[in-house]
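Structure record follows, encoded as structure tokens.
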Amino acid sequence: MKKLKYIAIFIAAMVISSCELDMQPESELTYNGFWDTEEAARAAHVGIYSSYRNYAYTFWQMGELRSDIWGGNTIESPFGIDLIQNNISSTLVHFGDWANFYGLLHYINDFIKNAPNVPFQYEEDKNHMLGQVYGLRAQVYYTMLKAWGEVPVSTEPLLEVNLEELKKPRAPKAEVMAQIKSDIEKSLEYFGDDNSMWQAKNVYWSKAATLALKGDVYIWSGKVLGGGNADFTEAKNALQQISGFNLVDYQALWGQDNEFNNEFIFAFDYQQDQAGNFYNSFTGRAVDFAGLYTETGAPAGEIVVNGASRFGPSDKTLLLLNDQMDQRNNTFVKLYDDGENHVPFEPGEQSYKGSLLNKFLGIIGDDGSRKNYNNIPMYRYADVLLLLAEAKNNLGEDPSDEINQVRARAYGENYDANVHGFVNGTQSQNRIAILDERYKEFIGEGKRWWDLVRAGEGIVFDEIAFLDASEAYKIYYSISESMLANDPELEQTEGYGQ
């Protein structure tokens, strides 16, 4: 009987695979007592992370590609031009079917519903896993809120085939935000006083990750959704509770050998024979580098590369990184065809051909090729400091200490507080300083677009050349005509028309 039930559900899954919530039914194991043992719960927990990792590229695209970081020269044909130029309409729809997030949410909801009833040898292990998964759900819904504004809220797994139940209207932003905040509090409740890292690794969510997310969420809620000082205070308090992490030497921050450093709070885990990251799209092919030179005139063909040059930094980005004393000026290796010295960078030079992202370059394997298995951080301690600076500034407090901690690390031995230190100014001056610091610090980490929107004050329109205040509705993505046709309860994102 159970097998027949599964077959019916499997057939229905084929029918609803294009459903607007993109939810897949529970597995055969679920209907054969999957949630009866601790071993099964632990397997489901691992499976959630494997699925979650598949969305890392989507998180990055949503959080960065629409910003001012990219859009410069690429050696090969570029990717993402429509997003870079903010070309979005009711017919040009990015991330259809809600970017398939509801498929991930089904497995998360399944865990949240069933894991509490599973007997564990150590209850604290189950509580830690539930703290993790509630945090992951909050992060997914937070991303969806930022991307589309109003989205359907679904907190139950698919237990039976009912196509009508899958059709849901978009919940108001306040309701989505309430769900996010509720999940954050449930996550913290399950973690309790446990500040440990699961298996002592930063590739699993933790209480610190939830607190970093809480700071991020409450600043957005305060600034974008009008929560004001009450939300900024919640953000500040959450961020100040994070302990056990610190800024590490900049040279020890990047690379596969350094990925378990004491600054990464949560990172996506990539391993050989499992999955590689997407940063090979920021490198290039050896054949293309053969006739090029670095900005200092060294032959670029000596750099081992194994990928494609699909995303190029804008002139604005490269100019921002021109300070040779700031170690972040090495974020990119700039490539020219004339073998001359091009330090500092000057826009408009015909010999400039493109850049190689150095931050996540990967390692050279035993076979002599470049490997892209670097773990990629979602939150790190520099983020905590600069979010804290932002919360403080929004409260009218002095954010200079947090800004200067990040600057001092970036300049290293070159740091001179009298030259490089930031002095507290007006809220507007502080806001721009924080944005610029985050710009330099988090290139390639999926932050800049969200930073500009969260800043408010119309800053996103001042900074993004391809977005005008008259098109403010484009802050949120459109949804597709097929989504609207398949679900009469859905409405198009405001501003795009029907």
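Nothing in this text is a laboratory measurement; each read-out follows from the coordinates by a stated rule. Predicted, not measured: the structure shown is a model, and the values here were computed from it. All Cβ positions, even for glycine, are placed from backbone atoms using ideal geometry, and neighbour counts span all protein chains on display.
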Per the Kirkwood formula on distinct C-alpha pairs, the Rh of the chain is how many angstrom? 24.0 Å
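Can you give the local net charge around residue 94? Use residues other than it whose beta-carbon is closer than 12 angstrom to its beta-carbon, Lys and Arg +1, Asp and Glu -1. Write out the running numbers ahead of the final one.
Numbers: positive: 66, 474; negative: 82, 97.
Summing Lys and Arg as +1 and Asp and Glu as -1 gives 0.
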Tell me, what is the FRET efficiency for residue 315 and residue 426 to the nearest 0.05, using R0 = 35 angstrom and their Cβ-Cβ distance as r? 0.80
Report, in whole Å, the centroid distance computed from the Cα atoms of segment 91-151 and segment 415-492. 25 Å
Suppose a student asked you for the relative contact order of the chain, using Cα pairs under 8 Å spaced at least 6 residues apart; what percent would you report? 21 percent
Rounded to two decimals, the Debye log10 I(q)/I(0) of segment 62-216 (Cα scatterers, no solvent) at q = 0.12, 0.17 Å⁻¹ is -0.65, -1.07
Karplus (6.51, -1.76, 1.60) ³J(HN,Hα), θ = phi - 60°, over segment 138-152, in Hz, Gly and Pro reported as x: 4, 5, 5, 5, 5, 4, 5, 4, 5, 7, 10, x, 8, 9, x
Relative contact order (%) - criterion: Cα under 8 Å, at least six apart; region: segment 227-308: 19 percent
Rounded to the nearest 10 degrees, the helix 38-53 long axis (Cα) sits at an angle to the longest Cα principal axis of the chain of 40 degrees
Kindly flag which residue pairs out of 126/167; 316/371; 113/181; 113/447 have an alpha-carbon separation exceeding 27 Å in this structure. 126/167; 316/371; 113/447
Taking 7 Å along the Cα-to-C-beta vector as the label spot, tell me the residue 472-residue 193 distance in nanometres, rounded to one decimal. 4.8 nm
Multiplying the sequence separation of residue 120 and residue 260 by 0.36 nm and subtracting their Cα-Cα distance, what value in nm do you get? 47.5 nm
Rounded to the nearest 10 degrees, the helix 228-240 long axis (Cα) sits at an angle to the longest Cα principal axis of the chain of 80 degrees
Bins of 5 Å, beginning at zero and ending with the bin holding the largest distance: percent of Cα pairs per bin for segment 67-137, please. 3, 12, 15, 12, 10, 10, 10, 9, 8, 7, 4, 0
I want to check the label-to-label distance for residue 494 and residue 325. Put each point 7 Å from Cα in the C-beta direction and report it in nm to one decimal. 4.8 nm
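So how do 286-293, 148-155 stack up, highest first, on mean other-Cβ count within 10 Å?
Descending mean neighbour count gives 148-155, 286-293.
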Along the charge dipole of the chain, which of 90, 240, 291 sits closest to the positive end, that is, farthest toward it, with unit charges on the beta carbon of Lys, Arg, Asp and Glu (+1, +1, -1, -1)? 90
Please compute the modelled spin-label separation between residue 461 and residue 286, points set 7 Å along Cα→Cβ, answer in nm with one decimal. 5.1 nm
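Which whole-number percent gives the relative contact order of segment 394-498, counting Cα pairs below 8 Å spaced six or more residues apart? The partial results should precede the final answer.
Values: 54 pairs, mean separation 15.6, N = 105.
For segment 394-498, the relative contact order is 15 percent.
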Using alpha carbon centers only, segment 247-274 is separated from segment 177-245 by a whole-angstrom value of 22 Å
Taking placed amide H atoms and a strict 5 Å upper bound, the residues 5 or more places from residue 380 or on another chain that come that close are 265
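Using +1 on the beta carbon of Lys and Arg, -1 on that of Asp and Glu, and nothing else charged, what's the dipole of segment 364-497 about the Cα centre, debye to 20?
460 debye
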With 0.36 nm assigned to each residue of separation and the Cα-Cα distance removed, residue 174 to residue 37 gains 45.6 nm
Paramagnetic reach from residue 415 (point 7 Å along Cα→Cβ, amide N under 17 Å) across segment 249-263: 249-254, 262-263
Charge-dipole axis of the chain as Lys and Arg at +1 and Asp and Glu at -1 on Cβ define it, positive-most pick from 332, 142, 466: 142
Hits among aspartates and glutamates - C-alpha to C-alpha of residue 223 under 15 Å, sequence gap 8 or more where chains match: 231, 234, 390, 451, 457
Ranked packing of 333-340, 270-277, 416-423, most packed first, by mean Cβ within 10 Å: 333-340, 270-277, 416-423
